[in-house]
1. Provide the net charge surrounding L212, with neighbours chosen by a C-beta distance below 13 Å and charges set as Lys +1, Arg +1, Asp -1, Glu -1.
2. Output the peptides 234-245, 407-418 sorted from most to least packed, where packing is the average of other Cβ atoms within 10 Å over each peptide's residues.
3. Compare the Cα positions of S376, I353, I331 along the charge dipole of segment 325-382 (+1 at Cβ of Lys, Arg; -1 at Cβ of Asp, Glu; about the Cα centre) and return the one farthest towards the positive end.
4. Can you give the extra length, in nm with one decimal, that the chain gains between E74 and V208 once fully stretched, where that is 0.36 nm per residue apart less the Cα-Cα distance?
5. What's the ranking of 281-287, 346-352 by average number of surrounding C-beta atoms within 10 Å, highest first?
6. Using θ = phi - 60° and the Karplus form 6.51 cos²θ - 1.76 cosθ + 1.60, what ³J(HN,Hα) does each residue of segment 317-332 get, whole Hz, x for Gly and Pro?
7. Report the FRET efficiency, 1/(1 + (r/R0)^6), for C131 and K324, where r is their Cβ-Cβ distance and R0 is 51 Å, rounded to 0.05.
8. Say each of S375 and I289 gets a label point 7 Å from the Cα, pointing the same way as Cα to Cβ; how far apart are those two points in nm?
Amino acid sequence: MFLLKTYRASFIFRVHPFWGDLAFAAASCGRVFLSFSSQAFYSVPAIFGVSFGIRKLYMKTLLKIFAWATLRMERGAKEKNHQLYKPYTNGIIAKDPTSLEEEIKEIRRSGSSKALDNTPEFELSDIFYFCRKGMETIMDDEVTKRFSAEELESWNLLSRTNYNFQYISLRLTVLWGLGVLIRYCFLLPLRIALAFTGISLLVVGTTVVGYLPNGRFKEFMSKHVHLMCYRICVRALTAIITYHDRENRPRNGGICVANHTSPIDVIILASDGYYAMVGQVHGGLMGVIQRAMVKACPHVWFERSEVKDRHLVAKRLTEHVQDKSKLPILIFPEGTCINNTSVMMFKKGSFEIGATVYPVAIKYDPQFGDAFWNSSKYGMVTYLLRMMTSWAIVCSVWYLPPMTREADEDAVQFANRVKSAIARQGGLVDLLWDGGLKREKVKDTFKEEQQKLYSKMIVGNHEDRSRS
């Protein structure tokens, strides 16, 4: 009887192709409906800025799985007598924060029985100080390692984040394979769809808002279109963000400065505030987005020929901040992406225009995915693919109290004071080095500075003896 019914059904579909087309169309509609339902489930809460707590539950579940995987990996390595790689978070060489003069005096003291007061201006043993410093820099350079991804001690089931990734057991391998299927076959298509939705709405929404007459209604619509679209893009990365001290959020007529780890820093901050962006005019898709955004909001875009004109850039920024009705400018004064461990030198340009500065510290949790963009190694498309195939992007954002330039400090001192506050709040290492060293050679001025310190020590000793 069952075979007869099956035969009759197949006969109907052969004789009446309309029913076959109808079944195929119904199946296609079902897939589209499921895809649309999934996007709506993520997009609608993003539009209203609410969360169901699913992402935090997802994060807690992942932490338990990571802890089990790490313990299993350590146990398996112990059973097979494999040496586990442990990253040196504080460097491979212990360095004491002593000055050049103190270290040279110590070398002289240990190498000579003479009293320090009777030592000549120059001793051959001084060479050993510079030789040792050179070798330490080669072995453990505190600058170039800030331009590579942070190595994790625990394993997060991503083969790109831990050198200990190798075959340990069948269960661990199956778990890793299951993670690959979830990330590439489920999360990646959903995230791409959400990103496409957010970017499309941003272009269309800002273009439509641009045709509205200037006034409060246009400003209201522009703000909420930007927030809605950035929040959808945040969902596309499964970003779990914790904002602290929101009463210190930047206000109109000010400048928001933050440490820079990733291009998504813009999305992270813009999903919680309304900013005027500053940047160079681009072509392609980025150019389409920029042209649409500037219609709805007074962003500050520079032509390629204008970027290197410091006076023109300063003039445009000064004109913007002097108008207290305009949005706060969002700037990353490091000028390049630095990994999630430190803050490097802030360019002084944004600190010369005399505006109130609102510092913001951003700190990512690398357990779920490394947000750092190594632009010298990966292109933008490859980087975004790595982001969208990570488990999640988890970060904390701290809004610091506003800061103003004091009467007795110049722009460089003010920039360093702001940078130190950001580093202290975010738990980052405060470095004086220029982030431009990622692509440029060390300037001669840095070498000359060490020579001046040494010569000053010798001349100082000579002058002291002359006076006595």
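1. Residues close to L212 contribute a combined charge of +3.
2. Numbers: 234-245: 19.1, 407-418: 15.0.
Sorting 234-245, 407-418 by mean packing, highest first, produces 234-245, 407-418.
3. Of the listed residues, the answer is I353.
4. Working it through step by step, the gained length comes to 42.6 nm.
5. 346-352, 281-287
6. 5, 5, 4, 5, 6, 6, 8, 5, 8, 8, 5, x, 7, 9, 9, 10
7. That pair, C131 with K324, gives E of 0.35.
8. Distance between the two pseudo-spin positions: 1.4 nm.
Every number here is computed from the coordinates shown, using simple stated rules; none is lab data. Bear in mind the structure is a predicted one, so any value in this text is a computation, not a measurement. In this analysis, Cβ positions are derived from the backbone assuming ideal geometry, glycine residues included, and neighbour counts consider all displayed protein chains.
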